[in-house]
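Heads up, the thing below is written out as structure tokens.
The values are calculated or read from the model by the stated rules, or taken from the named source; none is laboratory data. Fair warning: this is a prediction, and the values are worked out from it, not measured in the lab. Glycine also receives a Cβ, built like all others from the backbone with ideal geometry; neighbour counts cover every protein chain displayed.
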Amino acid sequence: MSTQVNHTARLKKIQARMDEQDIDVLIATRLSTVGYVFGAFVPWRGVAVIPREGEPQLYVVGLDAERVRDDSFFKNVAAAAPLPGMVLWDQIVSYLRGRGLEKARIGVELGHSPIRIETFLLASEYELLREAFPQATFKNATHLLNEIFIIKDEAEVESFRRAAEICDLGLGVVLKELRVGMTETEVAGIAEYAMRKAGSELNWTFTGGQEIGSGHRAAYYWGGCTPPTRKRIERGDHVILDVHAMYNLCLGDLARNAIMGQPTAEQQELSDVFVAACNLLLENLKPGATYGEVADKVDAFLDRTGYRQYALPGYGHGIGILGNEWFPVVMNSDVPYESKGDLVLQPNMIEIAALVLNKPGVGGLRMEMSVLITRDGNEPLNKVPFEPAVIER
């Protein structure tokens, strides 16, 4: 059964929080916010203006305005271009002045992130707004919106589940075709084709698309990013298979591993520790636990095994609508816009559980998967086993 996204309910949820925080109008620049409200893929600089009451207005690059309007739930989409009467921020300033908002409390999306496509309000745009409205009060609404986005509604959960299924399918096809002598880019293409056939809308990640890393490229210290190259896969290689799909703007992120031939004793030990750590991480992602507590338990296990020095010290990241792929990271730290160790896991959160365990000279292993927090535990949305696949061809 397909659950229809209720964009009106999403808008009202944001407007209710605006009312609580006494924000008269919200200027949203983040890709995830624009997609969440309008339901369309907006790859260009798009700005959604959300009033406390009534429908939102979206401004996008003119060459894509008609398509975005066609794909959006709300049809108030205006074209922007460097032409008289069409300049992006001139139109936004005019909109606000036309509604008597010169002295308003204006919400904006400020912050920072290691993710390039977060698209917070730029400093030049912030200065422009402050110059245009010197009597207005500006309030950072990023945290307000993150608190909404982090809890998924029924329709979102269904779309995340389908995105995870597509990733499982793509990885399954790769494991059937993977063989010594293939290039990493060839393997990426196999995954991409299979997932597109299954309905994936976008190879969404900016980290190289379908990430494939083999041999020494699978074992970089803390190496959690492997854009595919023309390197050929060799016998004895570890191969990281990190695939990405999008369904209804909701993201899927699945990483598993293969070993080309029977593992050495050192590779087998690495695999055993890795699988045990993955299971421990999954067991502890449950309502009531904090992100910091989960990270501490994985750290303690890796300390006992002597492998902590080889682990990337973060055990998951957030996931959401296109553009929302970082906060919150599973670490016992508190860095604004990135991590929040005391944040409590709640039902209907979806987290990408992740583990990177790389031992240079031996091999590297990566696990990522979508995990839905439920009332009494969790539901792994990806079903591929943690154990590395042994490929004898």
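The residue pairs whose first member lies in region 5-22 and is farther than 16 Å from Val108 by Cα and touching a residue at least 12 places away in the same chain (Cβ under 8 Å), whose second member is outside any helix (DSSP H, G or I) and among the small types (Gly, Ala, Ser), and whose beta carbons are closer than 6 Å, counting only pairs six or more residues apart or on different chains, are His7/Gly39. Strands (runs of 3 or more DSSP E) fully within region 294-393 that include at least 3 residues being surrounded by 15 or more Cβ atoms within 10 Å (Cβ to Cβ) and either modelled with pLDDT of 95 or more or not hydroxyl-bearing (Ser, Thr, Tyr) (or both): 316-318, 350-359, 363-373. Comparison of Leu31, Leu11, Leu63, Leu26 shows that the only residue that is of a type outside the set (Asp, Glu) and touching a Ser or Thr at 6+ places or on another chain (Cβ under 7 Å) is Leu31. Answer yes or no as to whether Gly213 is at pLDDT 95 or above, within 17 Å of Trp326 (Cα to Cα) and assigned to a strand (DSSP E or B). Against the criterion (at pLDDT 95 or above, within 17 Å of Trp326 (Cα to Cα) and assigned to a strand (DSSP E or B)), Gly213 does not qualify. Applying the condition of being acidic (Asp, Glu) and without any contact (Cβ under 8 Å) to a residue 24 or more places away in the chain to region 27-78 and asking which residue is nearest to Phe149 (Cα to Cα) yields Asp70.
On the given criteria, is Glu269 farther than 26 Å from Asn332 by Cβ, out of contact with any Cys (no Cβ under 7 Å at 6 or more places or on another chain), free of Cβ contacts under 8 Å to residues at least 40 places away in the same chain and not in a strand (DSSP E or B)? Answer is yes for this residue. The condition (being surrounded by 22 or more Cβ atoms within 10 Å (Cβ to Cβ), assigned to a strand (DSSP E or B) and among the hydrophobic types (A, V, I, L, M, F, W, C)) is satisfied by just one residue among Ala255, Ala277: Ala255.
Given the criteria within 23 Å of Tyr310 (Cα to Cα), in contact (Cβ under 8 Å) with a residue 24 or more places away in the chain, buried (at least 22 other Cβ atoms within 10 Å of the Cβ) and of a type in the set (A, V, I, L, M), does Met246 qualify? So that I can check it myself, show each step before the final result.
Working: within 23 Å of Tyr310 (Cα to Cα): no; in contact (Cβ under 8 Å) with a residue 24 or more places away in the chain: yes; buried (at least 22 other Cβ atoms within 10 Å of the Cβ): yes; of a type in the set (A, V, I, L, M): yes.
Considered against the rule, which asks whether it is within 23 Å of Tyr310 (Cα to Cα), in contact (Cβ under 8 Å) with a residue 24 or more places away in the chain, buried (at least 22 other Cβ atoms within 10 Å of the Cβ) and of a type in the set (A, V, I, L, M), Met246 comes out as no.
Do we find that Leu178 is buried (at least 19 other Cβ atoms within 10 Å of the Cβ), in the same structural domain as Asp237 (by TED's automatic domain parsing) and within 19 Å of Glu234 (Cβ to Cβ) in this structure? In short, yes.
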